[in-house]
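Nothing in this text is a laboratory measurement; each read-out follows from the coordinates by a stated rule. What you see is a predicted model, and the numbers here were worked out from it, not measured in a lab. Cβ coordinates were reconstructed from backbone atoms using ideal geometry, including for glycine residues, and neighbour counts include every protein chain displayed.
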Amino acid sequence: MNKTVQSLQRRLIALGFPLPKYGADGDPGGETIAAVNAALDEIEKLRGVKPSSQQRNNAPLKSSTPQAAAITSMVILQQPKASRPIKEIVVHCTATPEGRDVSVDTIRSWHVGQGWKDIGYHYVVMLDGTVEPGRPEEQIGSHVAGHNTGTLGIVYVGGVSKDGKTPKDTRTPAQKAALMDLTRALIAKYPTIKKVTGHNQYSAKACPSFDVRKDPLSSLVD
Ligand SMILES: [Zn+2]
């Protein structure tokens, strides 16, 4: 039983997506996934876009409202789950200037250009709080030397001031909210996660340009 999943299931039922067989049992089974898909189709219809069930893994997710937080949780649940034990989330920044958005494809091209097989991070948080999947959770990331195996890497776009070099916590309010939503959703999916850390706790780098230990993100684990 997972309380975050259960609260999501309650919200689904309240939104008119019943779970007749199992109810809000806190277990993200097939019935929940189907209801999540139906809800997402509905949300896309409300937004006037075509239901994207087929390419949902790449669909952008807005994360700055409670409803958006639910969507983030739902989509995180839909991503295939890693089979290796996940114990920790490591937070990064893209080290790009404040105010400049950078797409997942651009970050992927930097990393592939470095000889990696894919983008190094598992999720990317855009300036407007949109959460986009990067490397599949099933695959070990490439984001923190010596600690990639048991971790998932998440990154926010930004992290340096407009001069392009001075480390700065440039997170927008939407990014702060989205990082919380994303981290909460991942902890719900992997109850084995016991730590949320920053890259700078493992290497002499400024990344992610703030101290995760003093941020509300670290209070999401006990
Ligand atoms: Zn980093």
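Determine the equivalent ellipsoid of the range 88-220 by diagonalising the alpha-carbon gyration tensor, then write out the semi-axes as square roots of 5 times the eigenvalues, largest first, rounded to whole Å. Kindly include the intermediate steps, with their values, before the conclusion.
On the way: eigenvalues 76, 63, 41 Å².
Those come to 20, 18, 14 Å.
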*Pairs LYS168/LYS214; LYS81/LYS117; LYS87/LYS205; LYS168/LYS189: which are spaced more than 25 Å apart, C-alpha to C-alpha?*
LYS168/LYS189
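If R₀ is 22 angstrom, what is the calculated FRET efficiency for the pair ASP27 and GLU138, using the beta carbon separation as r and rounding to 0.05?
0.60
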*asked:* Between ASN2 and GLN114, what is the label-point separation in nm under the 7 Å Cα-to-beta-carbon projection?
replied: 2.9
_the chain - Debye-derived log10 I(q)/I(0), Cα point model, q = 0.11, 0.12, 0.14, 0.15 Å⁻¹_ = -0.52, -0.62, -0.85, -0.97
*With +1 on each Lys and Arg Cβ and -1 on each Asp and Glu Cβ, how big is the dipole of the chain about its Cα centre, in debye rounded to the nearest 20?*
240
_I need the phi-derived Karplus couplings for the range 120-135: 6.51 cos²θ - 1.76 cosθ + 1.60, θ = phi - 60°, integer Hz, Gly and Pro marked x._
x, 9, 8, 9, 10, 10, 6, 4, 8, x, 5, 9, 10, x, x, 6
*asked:* I want the antiparallel fraction of DSSP beta bridges within the range 88-220, as a percent rounded to 5.
replied: 20
*Degrees, to the nearest 10: 30-46 long Cα axis against longest axis of the chain*: 80
